[in-house]
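Colleague: Sharing a structure here in structure tokens format.
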Amino acid sequence: MIAELAHYIDLIAKIVEVIGVLIMFFGLFFAFYRGARSTNGFNHDTYVEVRQIVGKSILLGLEVLIAADIMATVVTEPTLRSILVLGFIVLIRTFLSLSLQVELEGRFPWQSKKSETAAKPNINTNPAE
């Protein structure tokens with residue numbers, strides 16, 4: 001019974017891994033499709049949009065792969081080596097996710113977003129308003 005359950009959990013973890021890879025794969029194609037269908041041609045704004053879509057799909061795919069790794073460790077024998085391997089994999093993928101998020105948004109996740117009113121100075125010359 002336990003071996004059967006472990007087999008199914010391992011199978012589910014492999015399916016989740018495939019889903020994570022497919023998210024990144026289709027995200028890349030979707031980004032290029034959006035770039036090709038842009039009405040303005042391939043300019044800087046299109047490049048930024050394609051880059052944002054690719055980055056977000058990679059981020060989502062990495063999160064799904066981390067979840068699959070955690071599921072896979074549930075069914076493996078808990079040895080120090082397997083736990084260390086999982087820890088290093090999660091650490092590397094978390095670092096990649098953090099780096100991508102900083103690259104895409106220009107700030108760390110724990111930093112607050114700059115409001116548009118704080119970013120733009122008040123240029124109102126009429127003091128009555």
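Colleague: Test of understanding: what is the full-extension gain from H44 to A67, defined as 0.36 nm times their sequence separation minus their Cα-Cα distance?
Modeller: Taking 0.36 nm per residue and subtracting the Cα distance, the gain is 4.8 nm.
Colleague: Using alpha-carbon pairs under 8 Å, 6+ residues apart, how would you state the relative contact order of the chain in percent?
Modeller: Relative contact order of the chain: 26 percent.
Colleague: How large is the convex hull of the C-alpha atoms of the chain per residue, in Å³?
Modeller: Value for the chain: 167 Å³ per residue.
Colleague: Report the normalised scattering of region 67-116 as log10 I(q)/I(0) at q = 0.22 Å⁻¹, calculated by the Debye formula with identical scatterers on the alpha carbons.
Modeller: Normalising to I(0) and taking log10 leaves -0.79.
Colleague: Using a 1.4 Å probe over the heavy atoms of the protein chains, calculate the carbon and sulfur portion of the accessible area of the chain as a whole percent.
Modeller: Roughly 68 percent, rounded to a whole number.
Colleague: Calculate the FRET efficiency for A3 and F29 from the Cβ-Cβ distance with a Förster distance of 35 Å, rounded to the nearest 0.05.
Modeller: 0.35
Colleague: Measuring from label point to label point, each 7 Å out along Cα→Cβ, what is the E105 to L91 span in nm?
Modeller: About 2.5 nm, to one decimal.
Colleague: While we're on this one: Using only Cα atoms, find the angle between the long axis of helix 44-75 and the longest principal axis of the chain, and express it within 0 to 90 degrees, rounded to the nearest 10.
Modeller: Result, in degrees: 20.
The values are calculated or read from the model by the stated rules, or taken from the named source; none is laboratory data. Small disclaimer: the values here were computed from a predicted structure and weren't measured. When we count neighbours, we look across all protein chains shown, and the Cβ atoms used for this are built from the backbone with ideal geometry, even at glycine. The protein model used for the area step is the full one, side chains on, heavy atoms only, and it has no ligands, DNA or RNA in it. Shrake-Rupley method; radii C 1.70, N 1.55, O 1.52, S 1.80 Å.
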